[in-house]
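K.L.:
The following block contains the structure, expressed as structure tokens.
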Amino acid sequence: MAKAFEAIMTIMLLFLCGFIIYKKNWVTQETMAFLSKFIVLVAVPAMLINSLTSMFSHEQLLELLPLLPMPLIMQICLYYLSYLIAVLLKVRQGRRGTFAMMGAISNTLFIGLPISMILFGEECLPGVMLTFLSSTLVCWTLGISGLMKDGTILSGIAMEKLSLWKRSKKFLLNPPILGLIIGLALSLLNIKLPTPVINTLAYIGSMVTPLSMLYTGMYLATMNWKDMMPDKDTLAVFFIRFLLAPLLMYFSIGLTRQLGGVISKVTSDVLIIQVAACVMTQSALLTIECKGDGVFATRAVALSNLVFLAVLPLYLYLLA
């Protein structure tokens, strides 16, 4: 529990650093625009390639892939369920895609991974990898599509109508998706990159989490304090993130076992902890990049870290 608290506090301190940097006028709007593009278009692809090629061997990835459909289908269902809840709660247009993405996708690496390592040791890695892969796929397909739709509604600029081929090409040439595809291919084909390339990818990829949190802190500095008060939409995201998501994963694991799937106790516990973690840090940055409701996303990201710290002991008690 102490380590979990330390991880949350690290995030909050990075938020604070970004906040102070902005208040000191050390950055401009152009600087923030560069940071967001660098993170999304350069650092995230580097992180994906490095993670997939360094965390798992060819054999381990082959063993994991048959289990991937379960968390992937679960998170797709959670995304659409979150969107349905947004409609039922009459979440305003221009916020529903952001709402669904934050409800469906958790902070699997920076928060979920260290907490799982503390609780389960290296046995947690298969579960972490499964949620990482499924979250990444949902984020850069359904998630980013929903954010772009929100941005279109709020900006009033109509999305360009593309043919199926052009849409597919645009999706496949998206840098994060390219990073995911390249990382999977390199790992499955057991191709080892030269050491200088690996080191470069590792250095650049390691910037994703700290830069995202610094950016979020900078954006927090542009907000009024009253904007940080949680509204009903933010509370609904927390209901999905901290109650509905782990319950849905619990029942998905049970159904998989009934259908003959083999999931160890450790892996099942890790899957539940992973999907119950706080809102993905990059959600706020991606929402702002897509011209969506950045205030709503930033508030949810910041506050969800505190809520997760409060509910984590309950998860640990129930799993024990």
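K.L.:
Residues GLY217, GLY261: which one is farther than 25 Å from PRO313 by Cα and in a helix (DSSP H, G or I)?
P.N.:
GLY217
K.L.:
On to the next question. One residue is enough: does region 262-271 have a residue meeting the conditions hydrophobic (A, V, I, L, M, F, W, C), closer than 24 Å to LEU211 by Cα and touching an Asp or Glu at 6+ places or on another chain (Cβ under 8 Å)?
P.N.:
no
K.L.:
In addition: Name every residue in region 237-259 that is open to solvent by 40 Å² or more (accessible area, probe 1.4 Å) and free of Cβ contacts under 8 Å to residues at least 60 places away in the same chain, in order of residue number.
P.N.:
Answer for region 237-259, where residues must be open to solvent by 40 Å² or more (accessible area, probe 1.4 Å) and free of Cβ contacts under 8 Å to residues at least 60 places away in the same chain: PHE239, LEU243, LEU247, TYR250, PHE251, LEU255, ARG257, GLN258, LEU259.
K.L.:
Being of a type outside the set (A, V, I, L, M), part of a helix (DSSP H, G or I) and open to solvent by 70 Å² or more (accessible area, probe 1.4 Å) is the filter here, so list the residues in region 8-59 that pass it.
P.N.:
Across region 8-59, the qualifying residues are LYS23, GLN29, GLU30, PHE34, LYS37, SER54, GLU59.
K.L.:
Follow-up. When region 60-73 is examined, which residues are found to be open to solvent by less than 50 Å² (accessible area, probe 1.4 Å), aliphatic (A, V, I, L, M) and modelled with pLDDT of 80 or more? Break it down into steps so the answer makes sense when it comes.
P.N.:
As a first pass, look at region 60-73 and keep what is open to solvent by less than 50 Å² (accessible area, probe 1.4 Å): 61, 64, 67-68, 70-72.
With the extra rule that they be aliphatic (A, V, I, L, M), the set shrinks to 61, 64, 67-68, 70, 72.
LEU67, LEU68, MET70, LEU72, listed by residue number.
K.L.:
Moving to a separate point now. Among the polar types (S, T, N, Q), farther than 22 Å from SER135 by Cβ and in a loop (DSSP other than H, G, I, E, B), is that true of ASN190?
P.N.:
The answer is yes for ASN190.
K.L.:
Right, another one. Which is open to solvent by less than 70 Å² (accessible area, probe 1.4 Å) and of a type in the set (Ser, Thr, Tyr), of THR222, THR195?
P.N.:
THR222
K.L.:
Would you point out which residue out of ALA185, ALA245 is in a helix (DSSP H, G or I), modelled with pLDDT of 85 or more and closer than 18 Å to ILE105 by Cα?
P.N.:
That would be ALA245, the only listed residue that is in a helix (DSSP H, G or I), modelled with pLDDT of 85 or more and closer than 18 Å to ILE105 by Cα.
K.L.:
Looking for whichever is among the aliphatic types (A, V, I, L, M), crowded, with 22+ Cβ neighbours inside 10 Å, touching a residue at least 24 places away in the same chain (Cβ under 8 Å) and closer than 24 Å to PHE38 by Cβ here; the options are LEU211, LEU271, LEU286. Which one fits?
P.N.:
Exactly one of LEU211, LEU271, LEU286 is among the aliphatic types (A, V, I, L, M), crowded, with 22+ Cβ neighbours inside 10 Å, touching a residue at least 24 places away in the same chain (Cβ under 8 Å) and closer than 24 Å to PHE38 by Cβ, namely LEU286.
K.L.:
While we're on this one: Which condition breaks for GLY292 when tested against (1) assigned to a helix (DSSP H, G or I); (2) buried (at least 24 other Cβ atoms within 10 Å of the Cβ)?
P.N.:
In the conditions (1) assigned to a helix (DSSP H, G or I); (2) buried (at least 24 other Cβ atoms within 10 Å of the Cβ), GLY292 misses (1) alone.
K.L.:
Open to solvent by less than 40 Å² (accessible area, probe 1.4 Å) and at pLDDT 90 or above: does that describe GLY146?
P.N.:
Criteria met by GLY146.
K.L.:
Additional query: Can you find, within region 74-109, the residue that is farthest from the chain's Cα centre (by Cα) among those that are exposed (fewer than 14 other Cβ atoms within 10 Å of the Cβ) and part of a helix (DSSP H, G or I)?
P.N.:
Among those that are exposed (fewer than 14 other Cβ atoms within 10 Å of the Cβ) and part of a helix (DSSP H, G or I), it is LEU88.
The values are calculated or read from the model by the stated rules, or taken from the named source; none is laboratory data. On a predicted model such as this, the values are computed, not experimentally measured, just so you know. Note that we place each Cβ from the backbone using ideal geometry, even for glycine, and neighbour counts take in every protein chain shown. Calculation scope for accessible area: heavy atoms of the full protein, side chains included, ligands and nucleic acids excluded. Shrake-Rupley method; radii C 1.70, N 1.55, O 1.52, S 1.80 Å.
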